[in-house]
Structures are given as C-alpha cells and as structure tokens.
Amino acid sequence: MECHGEQRYTYEDCKRTADWLLAKTKHRPRVAIICGSGLGGLADLLKDQVAFEYTKIPNFPKSTVVGHAGRLVFGNLSGTPSVVMQGRFHMYEGYPLWKVTFPVRIFHLLGVETLIVTNAAGGLNPEYNVGDIMVIRDHINMPGFSGQNPLVGPNEERFGVRFPAMSDAYNQDLRKLAHSVAAEMDCSGCLREGVYCALGGPNYETIAECQFLQRLGADAVGMSTVPEVIVARHCGMRVFGFSLITNKAILDYETKEKANHAEVLEASRQSARTLEKLVSLLVQRIERNNNLA
Ligand code: HPA
C-alpha cells in the first residue's frame, strides 16, 4: 500500500507471510513471545523446534543489533504451542514503525491470542535494583507524542479499529498471575510493577531527560516494546510485558557511571534464567486457566 510515497505492507502482504509460515510448520502457536536484548535464550526452552531466520521469511525485516539473533522459533513452551521472536526490530535501526511491528500482525494471522513482550530497561524508580524484573503495568509512548506511531496512515479494518483504546493495554489477569508465579518461585522480592517509557534511542538518556521521565511517572526507560504492544492491542491480542532492569538510570550530576550496551547485556545474562523460568511458568498457567474457563 502506498501512503504519501511510502510503501507499506498490505493485509495481503501480511497474509502471504503468515500462509508461508503455516505451510512450512505444523505448529499453530497460541502464544507469541518477543525477546529483548540478551533474553533470546527463551527460545531454547521450546520443544520440537522449527526455526526460521528472518532473512528467509518473505517480507521480514532484518535485525542489525549485537545480542539479537534474528530468528523466529516455533515450538511448545510448557506444552503450549508458541512462537518466539529471537531479536526484534527497533526504530533506532532506521525502520519505520509499521515495519518494526510487522511480525505482530503475522502472529495475529497465525492465530496467536496472547503476546508476551520482554525488554532490557534502565531503572528510573530509585527503589529498583539491577536484576529486578518489572511487570509492565502501563507505558508512556514518547515517540507517539510527535506522531511516531505504528498505526499512523490508512487504517486496515481487518486488523482493528481506527482509534483503539490503550487504557487496558497490559492485561490485569496476566499481571496478577505473574505475581503469583513469582511468589511460587520465591522471587517476589525481585518482581516489581511499573510504568515503562519508550524513547527512540539509540543514545542513552541525558541526566535531565531521566529526571524529566521520572517526574512524568515512569519507572523504567527503554527503546522498544511500545510499538509492538500498540499493534497487538489494535488487533485484539492480550498483552503481557516484563522489563528486566539492567542498569540504574543516572539521575544526578555527581555520578561518574554511564549506561553502556555491554553492561546491559551482562545484566540480562545474569537474570535471564529467572526471567525465562517466570515466562515458561506463566505460559503454563495461562493455558491451565484457559482450560478452566
Ligand atoms: N535507557 C534506554 N534503554 C535502555 C536502558 C537505558 O538506561 N537500559 C537498557 N535499555
């Protein structure tokens, strides 16, 4: 579809990609998981894996960041048919947001009902420590304030309505479930719940920006997730998200430390196992609850 000289994916483009995948695997995922920086190990938990490199999937953009593998992995997670995105697309790589969020529409067409998003984020809340896991209660879409939104352009009614609500973006039942799963794992102490603020990146924030975001009510800051969540909600998927706090945002001028990608990856590596366990137990519990319903 042409929109002011920009080529966009049509519904038919999305359908072609989904049908291509459905023809190549017998898996019919009900849950999709998007892995953040250093969290791609989640895919290794899948049984009966069928994996596709992004470069081989028709229409798929390519991932360009170190720490993001660039594969779509189908399989069973805790017995639930799932699909995992090992590596996501970001605005800072130069992709328009309609490209960043293309995989979410594919998930919808594959029959996925629940999207789980994970990311690495800087902690703005002074009570947060490196290694904490934050259940995302809500988000602030900073690029959206200036019109950078994946739903900009003609609306495709077959996906969703022109003006979707976002006041219930992060499913309350799933958030509650995550807290009970964390209690069972004896890690309630490291599980927080808060507001994720997305910026465009790729530079980390200035001190003034961190202070500003903290005053706005943000608990964590990152460069992803929000576009995918908006598109998932637009097409009626249930959404749940975790941020892994990989560094503390710098909030005063005396601090000599600075955020850097190596530190983010190292912190993800250290807490990745806990997050992976949480996600797999959560998926198991979602499935059990669905069967009860
Ligand atoms: N800021 C933005 N994105 C991030 C950060 C941060 O401090 N840490 C991990 N991703």
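Values quoted throughout were computed directly from the atomic coordinates according to the rules given, and no laboratory measurement underlies them. Just so you know, these numbers come straight off a predicted model, no measurement behind them. Ideal geometry is used to build each Cβ from the backbone, glycine not excepted, and the neighbour counts take in all protein chains shown.
Before moving on, here are some points about what is shown:
- Taken along the Cα-to-beta-carbon direction at a fixed 7 Å, the label points for N76 and T206 span 5.4 nm.
- If the chain linking E193 and R175 were pulled fully straight, counting 0.36 nm for each residue of separation and taking away their Cα-Cα distance, it would gain 5.6 nm.
- Cα gyration tensor shape of the chain, rounded if a/c is under 1.5, else prolate or oblate by comparing a/b with b/c: oblate
- Stretching R273 away from V161 to a fully extended chain increases their span by 36.5 nm, per 0.36 nm per residue minus the current alpha-carbon distance.
- In the chain, the calculated helix contribution to ellipticity at 222 nm averages -10000 deg cm²/dmol per residue, counting -39,500 (n - 2.57) for every DSSP H run with n ≥ 4.
- Label reach from E257 (point 7 Å along Cα→C-beta): in the range 107-123, amide nitrogens under 14 Å belong to 121-123.
- Label-point gap, in nm, between Q7 and T55 - each point 7 angstrom along Cα→Cβ: 2.0
- Proximity of backbone amide H atoms, modeled 1.01 Å from N, is registered between R30 and S82 at under 5 Å, excluding neighbours fewer than 5 places apart on the same chain.
- Taking every alpha-carbon pair under 8 Å whose residues sit at least 6 apart, the chain reaches a relative contact order of 25 percent.
- The chain: most fluctuating residue of N171, N149, N260 per GNM, C-alpha cutoff 10 Å: N260
- The range 8-124 shape via C-alpha gyration tensor axes, a/c threshold 1.5: oblate
- For the chain, built as a Gaussian network whose Cα springs stay under 10 Å, the top-fluctuating residue of G153, G41, G217: G153
- Over 28 Å between alpha carbons, listed pairs K56/K258; K24/K62; K47/K258; K56/K99; K15/K47: K56/K258; K47/K258
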